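Novice: Sending over a structure as structure tokens; questions will come in a sec.
The values are calculated or read from the model by the stated rules, or taken from the named source; none is laboratory data. Keep in mind the model is a prediction, meaning the values are calculated, not measured. Here the Cβ positions follow ideal geometry from the backbone for every residue, glycine too, while neighbour counts run over all protein chains shown.
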């Protein structure tokens with residue numbers, strides 16, 4: 001959604017605006033700066049899992065930003081990051097506090113209550129997933145070494161090239177974006193007259209992994225490491241599907 005579309009639903013009773021950085025289905029990317037302006041002193045809470053690792057994203061506009069490592073960061077399940085502004089830390093309390101979420105958590109003889117940490121660490125309910133932290137850290141190193149902006153440029157190049165191929169094959173592309181700033185790495189489509197499962201199977205046979213979302217949309221999610229030749233390969237797979245159906 002856009003700030004303009006959301007504005008009529010924000011009033012004096014609104015304490016927070018919570019939304020996704022990128023829509024899991026359409027790939028639409030919100031304008032964080034516009035959402036920050038709309039939120040004002042309200043909290044802006046952002047689920048960034050469909051964008052972090054593929055598109056360059058600033059933490060500053062959000063009061064709370066969270067994302068797991070299993071999608072675009074390619075770091076596996078079981079680990080995530082949580083970033084919080086001072087405003088969010090002042091206003092939000094954790095209803096459950098883990099043993100590491102308090103000051104001097106190793107002071108087992110200290111009588112209760114144990115004071116929660118002043119940082120976002122108070123929202124960590126258990127021990128850190130040390131095994132998964134290693135690939136998560138490595139994934140962040142790869143992203144930072146390559147440069148988030150450079151990664152985004154390749155991701156958008158691949159997604160736009162795939163969109164062109166899809167339209168050339170008379171596919172229906174779910175495309176709410178008006179400019180590159182509203183794009184991401186997600187492109188969803190339908191092929192008229194061809195069942196989603198048949199498309200899924202045809203792509204799988206050709207070595208291309210896609211997802212079926214909302215029952216009838218096929219989602220492509222090229223990353224920066226997706227080779228350029230995959231675009232022509234997708235065109236070939238689409239042609240085969242149209243011939244066989």
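Novice: With 173, 142 as the choices, which residue is surrounded by 13 or more Cβ atoms within 10 Å (Cβ to Cβ) and not in a helix (DSSP H, G or I)?
Specialist: Just one listed residue meets the conditions, 173.
Novice: Ok, one more. For residues that are closer than 18 Å to residue 148 by Cα, assigned to a loop (DSSP other than H, G, I, E, B) and free of Cβ contacts under 8 Å to residues at least 40 places away in the same chain, tally how many sit in segment 31-61.
Specialist: Within segment 31-61, residues that are closer than 18 Å to residue 148 by Cα, assigned to a loop (DSSP other than H, G, I, E, B) and free of Cβ contacts under 8 Å to residues at least 40 places away in the same chain number 7.
Every residue, every condition in (1) in a loop (DSSP other than H, G, I, E, B); (2) within 22 Å of residue 45 (Cα to Cα), yes or no:
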{"position": "88", "(1), (2)": "no, yes"}
{"position": "94", "(1), (2)": "yes, yes"}
{"position": "99", "(1), (2)": "yes, no"}
{"position": "105", "(1), (2)": "yes, no"}
{"position": "110", "(1), (2)": "yes, no"}
{"position": "114", "(1), (2)": "yes, no"}
{"position": "118", "(1), (2)": "yes, yes"}
{"position": "127", "(1), (2)": "yes, no"}
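Novice: Turning to a different aspect of this structure: Can you find a residue in segment 187-201 that is assigned to a loop (DSSP other than H, G, I, E, B) and either touching a strand residue (DSSP E or B) at 6+ places or on another chain (Cβ under 9 Å) or in the same structural domain as residue 75 (by TED's automatic domain parsing) (or both)?
Specialist: Yes: one or more hits.
Novice: Residue check, residue 79 against (1) crowded, with 18+ Cβ neighbours inside 10 Å; (2) closer than 27 Å to residue 223 by Cβ; (3) at pLDDT 95 or above, all met but one. Which one?
Specialist: (3)
Novice: If you check 169, 153, which single one turns out to be out of contact with any strand residue (DSSP E or B) (no Cβ under 8 Å at 6 or more places or on another chain) and more than 25 Å from residue 241 (Cα to Cα)?
Specialist: On inspection, the qualifying residue turns out to be 153.
Novice: Now for a separate question. Look at residue 89 and say whether it is buried (at least 16 other Cβ atoms within 10 Å of the Cβ), without any contact (Cβ under 8 Å) to a residue 60 or more places away in the chain, over 26 Å from residue 143 (Cβ atoms) and out of contact with any helix residue (DSSP H, G or I) (no Cβ under 6 Å at 6 or more places or on another chain).
Specialist: no
Novice: Let me ask something else about it. Across segment 145-170, what is the total count of residues that are outside any helix (DSSP H, G or I) and touching a helix residue (DSSP H, G or I) at 6+ places or on another chain (Cβ under 7 Å)?
Specialist: 1
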